[in-house]
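Enquirer: Handing you a structure now.
The values are calculated or read from the model by the stated rules, or taken from the named source; none is laboratory data. Remember, it's a predicted structure, so these values are computed and weren't measured experimentally. Virtual Cβ from ideal backbone geometry, glycine too; neighbours counted across all protein chains shown.
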Amino acid sequence: MAFDVDLAVARGGRQIAVRFETQARVVSLFGPSGAGKTSVLDMVAGLLRPAAGHVRVDGETLFDAAQGIALPPERRGVGYVPQDARLFPHMNVRDNLLYGWRLTAPARRWLALEEALDLLGIGHLPDRRPATLSGGEAQRVALGRALLAGPRVLLLDEPLASLDRARREEIMAMLERIRDDLKIPIIHVSHDRAEVDRLGGLVVEMG
Amino acid sequence: MTGWLSPAEWAVVALSLKVSLLAIALTLPLAFALAWVLARTRLPGRVLLDALVHLPLVLPPVVTGWLLLLAFGRNGPVGGWLEATFGISVMFRWTGAALAAGIMALPLMVRAIRLSLEAVDRRLEGVARTLGARPWWVFTTITLPLCLPGVLAATVLGLARSLGEFGATITFVSNIPGETRTLPLAIYTALQVPGGEQAVTRLALVSVALSLAALLASEWLTRRQRGRGSDGL
């Protein structure tokens, strides 16, 4: 089972609940903004404590309320690409990319800096500051930063939302390549049906 | 330049700087801890703590000085303990002047540090956690660097406030030449002396220059933090 997720939490007076169990390597959480999609990613990442439920990825339990298991975020091995990239503004692109890589045991890394620069087409950016990047460039750096930490699962929060049409195509092609070449399971959040259909996998409707 | 102020007046300036620097060295860690509690925790007594921290800002300074006198006097709870344990007393000493100046600077510093902590994007800290960073490493590599300009601005502001401290100081440690007579106290003293206007003018000019420099530095540092992310520093 790639994903076995069952989560519930109360946020801002609303009840957010989601449940899926699947062999699919890509799961898309689909629904209008405000449906709590980001909260689900936060719970999988360990940044938000669920009221109940469990999270298992490829057989590994990251959270289980009943068993009292709750790994801290730094031990979950999730590659989180938040909305609007959220690069560290006080570090250049290289230090952003290597932030997680440096904290990862060598045996658990599966991507080198050079490979990531190639894969994402950002070989010309390492010395730049995040503030000088375009939306598409920032998004690719955020992807690289997550992948370089050697994650077991990738969490993508509206990866195309802040981009124009041309950039969307570019990032989408990149996501397909990551899905096909890296074999890493992905949970993907979107409010855009076309984006969800194109990445394929299981679609979970929310809201 | 050295001829512009008399040696005694230079000594006053030097003493003022010494008192203020100790005051800020003592207050900064406390101010940061308080700002952290107020900005980041949901402690039940937070509102009361916030009010207590701000008390020196609104109390008549003479009352703050009197309260210090009660607490740190020979028979006071803190003063008695210091005397018994370490054999030290801050009464009528420059260290006491630093204590008074530090207390008076505390609210300003807590306010400024709290604002800079609240300006740090919590999502950045979350991302750092997912990348493998423990909380302490997140604090060191993300939170602290991002709020540092704000903390420095708070420090400079606190330094300026300490240099100007008068009421609590004169109440708590009196006005002793060479020991507790800082710039404001020296100006006050010179004002009491017939023909002291020239000395007053000189010392007042030094005060204005120091305060202005501190305010400009503080403003510059605050802008620097606000500018982060837009001009990339």
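Enquirer: Starting from the stretch A:70-99, keep only residues that are under 16 Å from residue A:143 (Cβ atoms), then list their pairs with residues that are aromatic (Phe, Trp, Tyr) and outside any loop (DSSP other than H, G, I, E, B) whose Cβ atoms are within a distance under 7 Å, requiring at least 6 positions of separation or different chains.
Expert: Listed by first residue and then by second, the contacts come to A:88/A:99.
Enquirer: Here is a follow-up. Look at the stretch B:127-150 and say how many of its residues are at the interface with chain A (Cβ under 7 Å from one of its Cβ atoms) and surrounded by fewer than 21 Cβ atoms within 10 Å (Cβ to Cβ).
Expert: Residues that pass the stated criteria total 2.
Enquirer: Go through (1) more than 26 Å from residue A:161 (Cβ to Cβ); (2) more than 14 Å from chain B (Cβ to nearest Cβ); (3) free of Cβ contacts under 8 Å to residues at least 40 places away in the same chain; (4) not hydrophobic (A, V, I, L, M, F, W, C) and name the single condition residue A:6 misses.
Expert: Single failed check for residue A:6: (3).
Enquirer: Need at least 1 residues that are within 26 Å of residue A:129 (Cβ to Cβ) per element, so show me which helices (runs of 4 or more DSSP H) inside the stretch B:116-233 make the cut, counting only ones lying wholly within it. Explain how you work it out, then say what you get.
Expert: On the way: elements: B:122-130, B:135-138, B:144-163, B:167-173, B:183-192, B:197-227.
Helices (runs of 4 or more DSSP H) meeting the threshold: B:122-130, B:135-138, B:144-163, B:197-227.
Enquirer: Quick one: how many residues across the stretch A:19-46 are buried (at least 22 other Cβ atoms within 10 Å of the Cβ) and either among the basic types (Lys, Arg) or in contact with a Pro (Cβ under 6 Å, 6 or more places away or on another chain) (or both)?
Expert: Residues that pass the stated criteria total 4.
Enquirer: I'd like the residue in the stretch B:109-126 that is of a type in the set (A, V, I, L, M) and buried (at least 21 other Cβ atoms within 10 Å of the Cβ) and, out of all such residues, is nearest to the other protein chains (Cβ to nearest Cβ). Working first, answer last.
Expert: Quick first cut of the stretch B:109-126, residues of a type in the set (A, V, I, L, M) only: B:109-110, B:112-113, B:115, B:117, B:119-120, B:124.
Now restrict to residues that are buried (at least 21 other Cβ atoms within 10 Å of the Cβ): B:109-110, B:112-113.
Details: B:109: 23, B:110: 24, B:112: 19, B:113: 18 Å.
Looking at residues that are of a type in the set (A, V, I, L, M) and buried (at least 21 other Cβ atoms within 10 Å of the Cβ), I get B:113.
Enquirer: Filter the helices (runs of 4 or more DSSP H) completely within the stretch B:24-87 down to those with at least 3 residues that are closer than 18 Å to residue B:100 by Cβ and of a type in the set (A, V, I, L, M).
Expert: Numbers: elements: B:46-58, B:61-72, B:77-86.
Ranges flagged: B:46-58, B:61-72.
Enquirer: In addition: Give the residue that is nearest to the other protein chains (Cβ to nearest Cβ), with candidates limited to residues of the stretch A:31-80 that are of a type in the set (S, T, N, Q) and either out of contact with any strand residue (DSSP E or B) (no Cβ under 6 Å at 6 or more places or on another chain) or closer than 22 Å to residue A:97 by Cα (or both). Spell out the reasoning first.
Expert: Of all residues in the stretch A:31-80, those of a type in the set (S, T, N, Q) come to A:33, A:38-39, A:61, A:67.
Then drop every residue that is not either out of contact with any strand residue (DSSP E or B) (no Cβ under 6 Å at 6 or more places or on another chain) or closer than 22 Å to residue A:97 by Cα (or both), which leaves A:33, A:67.
Numbers: A:33: 16, A:67: 22 Å.
Step by step, filter the stretch A:31-80, then rank; the result is A:33.
Enquirer: Would you be able to tell me the number of residues in the stretch A:81-107 that are over 22 Å from residue B:138 (Cβ atoms) and either of a type in the set (Ser, Thr, Tyr) or at the interface with chain B (Cβ under 9 Å from one of its Cβ atoms) (or both)?
Expert: 0
Enquirer: Hey, another quick one. Enumerate the pairs (first residue in the stretch A:40-63 and touching a residue at least 12 places away in the same chain (Cβ under 8 Å); second residue anywhere and part of a strand (DSSP E or B) and hydroxyl-bearing (Ser, Thr, Tyr)) with beta-carbon separation below 6 Å, excluding pairs fewer than 6 apart on the same chain, so at least 6 apart or on different chains.
Expert: Close Cβ pairs (under 6 Å, with a partner that is part of a strand (DSSP E or B) and hydroxyl-bearing (Ser, Thr, Tyr)) amount to A:45/A:80.
Enquirer: Determine, yes or no, whether residue A:131 is facing another protein chain (nearest Cβ under 9 Å), at pLDDT below 95 and out of contact with any helix residue (DSSP H, G or I) (no Cβ under 8 Å at 6 or more places or on another chain).
Expert: Numbers: facing another protein chain (nearest Cβ under 9 Å): yes; at pLDDT below 95: yes; out of contact with any helix residue (DSSP H, G or I) (no Cβ under 8 Å at 6 or more places or on another chain): yes.
Yes: the conditions hold for residue A:131.
Enquirer: Counting just the residues of the stretch A:134-155 that are out of contact with any helix residue (DSSP H, G or I) (no Cβ under 7 Å at 6 or more places or on another chain) and not in a helix (DSSP H, G or I), which one comes out farthest from residue A:29 (Cα to Cα)?
Expert: This residue is A:134.
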